[in-house]
């Protein structure tokens, strides 16, 4: 009798555990669905080429973000390198092709952007004004404009930042940004990092986007950034 009760108890616990695991799995699946962008969009993903080497570890999650976009989305992939915009993939609805065009950043001062905002303007010129879906730029950058020297008092208030905001609003493009330090000033100076973040924050705020960063030292993965970005894209779509 005792053995039968024990067996029944064990079986009951086993079933309960499986039901619990199933509920957790379903909740996780639902959360993943909720976290995915729901509306097709036109998005240019721009990566600053002199970001620290650890950013290369985030290429996988960036590919996943692109592949998870709704069908009908158009994606462009470009690198801001040595003061120019290198388009790796022009706008395409082939999400897998866009994802596969990503490469690891050079992570060298030889690829320094000097001013990422000029290349953001160049990228926005490639949007088609006849497209009906929401337009966005995802700028992965340290946000630092050193084209006219380093002046911390000008954080977020340079001529090219003003031009970027004006052009984005004229073309109805929302700019979002992920902060990551470069191999230059922003990986060595908290002041420079703060300057870059302030600049990214102003550009995104005044174009209807959002800046994602966490502190001025160290580097965190993009996982939480992409999760929050999807939420923002769903909120404004």
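Considering only alpha-carbon pairs that sit under 8 angstrom and 6 or more positions apart, the relative contact order computed for segment 39-236 is 23 percent. Shape analysis of segment 39-236 based on the Cα gyration tensor places the equivalent ellipsoid semi-axes at 24, 18, 15 Å, largest first.
Readers should treat all values here as calculations from the given coordinates under stated rules, not as data from a laboratory. Predicted model only: the values in this text are computed from it and were never measured.
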